[in-house]
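What follows is one structure encoded as structure tokens, with my remarks underneath.
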Ligand code: AMP
Ligand code: ZN
């Protein structure tokens, strides 16, 4: 389901432009507008849900689907030597967009 107030839902429906690197019927991967590493991609499920803490069974299947797809997408986009996945959950982690997304960071050696 789409949320009309959600930035990433607008990116998914194309009303806000993005640099897409992968799309299928369930997920979209696009470049982060303020990259924190040489490669910084965001993977989102097309169905809106807010965060890990709100996930139902169907949504957890979508997260699993994305995790299975991400290795090939990352390797095809400059992360052949490795990458880091990050999910910011809630305020203390600095989550700013409340549509669950997986950060894919790589293209360089990453400090911990
Ligand atoms: P988070 O802080 O985990 O909620 O991550 C939100 C991410 O979305 C940040 O890394 C932002 O740089 C990124 N972001 C915000 N607006 C856009 C946009 N229009 N296109 C691409 N990435 C965006
Ligand atoms: Zn959304």
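The values are calculated or read from the model by the stated rules, or taken from the named source; none is laboratory data. The structure presented is a predicted model; accordingly, all values stated were derived computationally and were not measured. For neighbour counting, all protein chains shown are included, and Cβ atoms are generated from backbone atoms with ideal geometry for every residue, glycine included.
Points worth noting:
- Hits in region 90-112 (condition: under 21 Å from residue 26 (Cβ atoms) and part of a loop (DSSP other than H, G, I, E, B)): 97, 98, 99, 100
- Counted residues, region 1-17 - those being assigned to a loop (DSSP other than H, G, I, E, B) and within 13 Å of ligand 2 (Cβ to nearest atom): 8
- Filtered residues of region 58-70 (kept if under 13 Å from the mean Cα position of the chain (by Cα) and surrounded by 12 or more Cβ atoms within 10 Å (Cβ to Cβ)): 62, 63, 65, 66, 67, 69, 70
- You will find that of 55, 27, the residue that is surrounded by 12 or more Cβ atoms within 10 Å (Cβ to Cβ), modelled with pLDDT under 95 and closer than 19 Å to residue 1 by Cβ is 55 and no other.
- Within region 6-28, residues that are touching a residue at least 24 places away in the same chain (Cβ under 8 Å) and over 22 Å from residue 50 (Cβ atoms) sit with their Cβ atoms under 6 Å from residues that are away from ligand 1 (no atom under 11 Å from the Cβ) and not in a strand (DSSP E or B), at 6+ positions apart or across chains, in these pairs: 21/77; 22/73.
- Pairing each residue of region 94-110 that is over 16 Å from residue 67 (Cα atoms) and within 10 Å of ligand 1 (Cβ to nearest atom) with any residue that is in a strand (DSSP E or B) and at pLDDT below 95, provided the two are 6+ apart or on different chains, yields no C-beta distance under 6 Å.
- Some residue of region 30-37 being away from ligand 1 (no atom under 16 Å from the Cβ) and either more than 19 Å from residue 2 (Cα to Cα) or part of a loop (DSSP other than H, G, I, E, B) (or both): no
- Residues in region 38-47 that are buried (at least 20 other Cβ atoms within 10 Å of the Cβ) and farther than 15 Å from residue 76 by Cα: 2 in all.
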